[in-house]
Every structure is written in structure tokens, then in C-alpha cells.
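Encoded as C-alpha cells, the structure appears first; notes follow it.
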């Protein structure tokens with residue numbers, strides 16, 4: 001009985017609280033990450049229609065779905081709603097980056113395979129680990145550095161595996177380039193999230209960011225293509241599916257976890273997405289990756305395991 005009493009008081013209680021927080025973070029991540037594999041599959045069903053229109057429906061849909069929760073939170077005054085200091089500027093920049101990331105990534109699926117687009121869009125760990133080391137003085141163990149570079153090598157290998165399949169895909173080189181650019185922009189978005197999320201609730205951060213992302217995608221759509229004369233129902237359904245799954249559940253889980261976990265570790269975990277996407281593409285779309293693609297996926301997985309073998313020495317504290 002005495003041991004149980006100690007467990008629930010003092011340091012013992014804090015340990016249980018921290019353990020619960022970690023378990024909660026990993027559960028949220030597990031649910032969110034499973035939705036990412038469906039994103040490229042959904043997009044493939046709408047490639048005969050405008051990519052910009054699809055992105056606009058996705059981002060606007062996700063934003064509108066959060067409005068009731070935002071209004072309730074604002075009315076209850078339970079959490080933070082109004083931004084403080086430079087938070088508005090940073091969240092606007094994060095939203096613009098997220099919007100551009102979606103535009104480039106979804107467009108890339110119109111030109112290259114699910115396997116290549118899914119992997120190349122998630123190579124941001126190589127960018128994030130350098131940025132975290134330089135900007136936040138994070139000290140990563142050697143296994144993390146090795147893991148990131150191994151995972152990056154697997155991503156490059158998978159991208160190369162599509163270069164000889166031009167007859168099957170419209171323009172693999174262009175598509176892979178778009179996916180790479182989307183990864184770079186996502187790294188910027190993630191770093192901003194690491195900074196702002198430390199002092200804001202999940203909805204207090206996600207709602208304005210998704211709003212700016214939606215505004216960015218709408219603006220690009222109107223400038224490039226103008227107001228659409230008609231919208232095919234398939235585009236609407238795919239856009240809603242992307243909003244509910246990959247954006248609210250997928251990106252939402254990352255925005256929740258980035259308060260507690262290093263962006264570098266989170267980004268390497270995202271590299272498991274292409275495995276699910278490639279498997280789903282085979283069964284649903286009939287896309288059979290080349291042998292080199294399977295080797296690249298295996299290399300990427302090895303890198304992810306090495307990265308998560310040990311944690312960086314400095315992380316955000318659980319709250």
C-alpha cells in the first residue's frame with residue numbers, strides 16, 4: 001500500500017502523468033499516420049480534373065469543419081483564441097507554406113507514381129535535422145544522423161526508380177521535382193509549428209493556420225484558372241476525403257505531437273507513409289513498383305529505425 005501511495009504522490013505521480021502523455025501522443029500519431037497512406041490513392045481518382053481545384057476544396061473543407069469547434073472554444077473561453085505578439089505573422093507564414101506544400105504535392109501525383117511522390121515529399125528529415133541543430137542547438141546522437149541520411153538515401157533511390165517509366169507516367173522528372181519542393185516547404189512549415197505550438201493549444205494553432213492555407217490555395221486557383229464553371233462530384237468527394245483524413249487527422253496529429261516531439265523524429269516517422277501508400281496503390285490502382293523501389297523502401301525503413309533508436313538530448317517538455 002505504501003508503494004502505491006508513493007506512486008500517486010510526488011515524483012511517482014509526475015512519472016505516471018508523463019507516461020500517459022507519451023502514450024497519448026503515440027496513439028494520436030498512429031491514427032494520424034495511417035491516414036497519410038490513403039492521400040495519394042484518393043488523389044489518383046481525381047487526376048482527370050484540376051489539381052488546384054482539388055487542393056482548394058480540401059483546404060477550405062478542412063477549415064470549415066473546424067469552425068464549429070472554434071466558435072465553441074471562443075465562447076467557452078477555455079483555451080487560447082487570440083494570438084499574442086508575433087504569433088499572427090508566424091501562423092500566417094505557416095498557413096501559406098502549408099497551402100503551397102499541398103499544391104505542389106498533389107500536382108506531383110498527376111505526373112509521377114504514388115511510390116515516388118509519397119517518398120520524395122517526405123524527405124524533409126534531412127532538412128529538419130540540420131535546421132534544428134543550427135537554430136535550436138539540438139544535440140542528436142550519431143545514430144539519429146546516420147538514420148536520417150540512410151532514410152534520405154532510400155528516398156532518392158525510390159525517386160530514381162521512376163526515371164525509366166516515362167511511358168507509364170506523364171512526366172516523372174517534373175512530378176518528382178514538385179514532390180521534392182513540397183518537402184522543402186513542409187520543413188519550413190514544421191519548424192514554425194515547433195515554435196508557435198509551444199504556447200498555443202492545438203485548435204488555437206491549427207484553426208488560423210488552416211485558414212491561411214485555404215486562402216492561399218483559393219488565391220492560386222483564382223489567379224491561375226479563374227472561377228470554375230462547374231465542379232465534378234468526384235472532385236468534391238475526393239477533396240472532402242482528403243480534408244477529413246490526411247489533413248484533419250493526419251496533419252492534425254503532427255501539429256498535436258510537435259509540441260512534445262522533435263520535428264526531426266516526427267518527420268522520419270512520416271517516411272513510413274510510402275510503404276502503406278505503395279501497398280494500397282498495388283491493390284487499388286494496380287501500380288506495381290519496380291524491384292529497385294522495394295529496395296529503396298527497405299533502406300528507408302532501416303533509416304527510420306536508426307533514427308528512433310535514441311532520442312535527442314533536448315526536447316520540448318510534456319504539459
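The fewest-to-most ranking of 121, 144 by surrounding Cβ atoms within 10 Å reads 144, 121. Reducing the range 228-251 and the range 101-141 to their Cα centroids gives an inter-centroid distance of 23 Å. Of the residues 47, 272, the one with the fewest other Cβ atoms within 10 Å heads the list, and the complete ranking is 47, 272. If every alpha-carbon in the range 54-147 counts as one equal scatterer, what log10 I(q)/I(0) does Debye give at q = 0.14, 0.16 1/Å? So the normalised log intensities work out to -0.86, -1.00. Between residue 75 and residue 184, what FRET efficiency comes out of the Förster formula 1/(1 + (r/R0)^6) with R0 = 51 Å and r the beta carbon distance, rounded to 0.05? Efficiency, rounded to the nearest 0.05: 0.85. With a Förster radius of 30 Å applied to the C-beta separation of residue 292 and residue 146, the computed FRET efficiency comes to 0.85. Remark: 133, 200 ranked as 133, 200, counting other beta-carbon atoms within 10 Å and listing the fewest first. At the listed q of 0.07, 0.08, 0.14 Å⁻¹, the Debye profile of the range 42-307, built from one uniform point per Cα, gives log10 I(q)/I(0) equal to -0.25, -0.32, -0.98. Normalising the Debye intensity of the range 178-301 to I(0), with uniform scatterers on Cα atoms only, and taking log10 at q = 0.10, 0.21, 0.22 Å⁻¹ returns -0.44, -1.34, -1.37.
Just so you know, all these numbers are worked out from the coordinates, no wet-lab data involved. Bear in mind the structure is a predicted one, so any value in this text is a computation, not a measurement. A quick note on method: Cβ atoms are made from the backbone with ideal geometry, for glycine too, and the neighbour counts reach across all protein chains shown.
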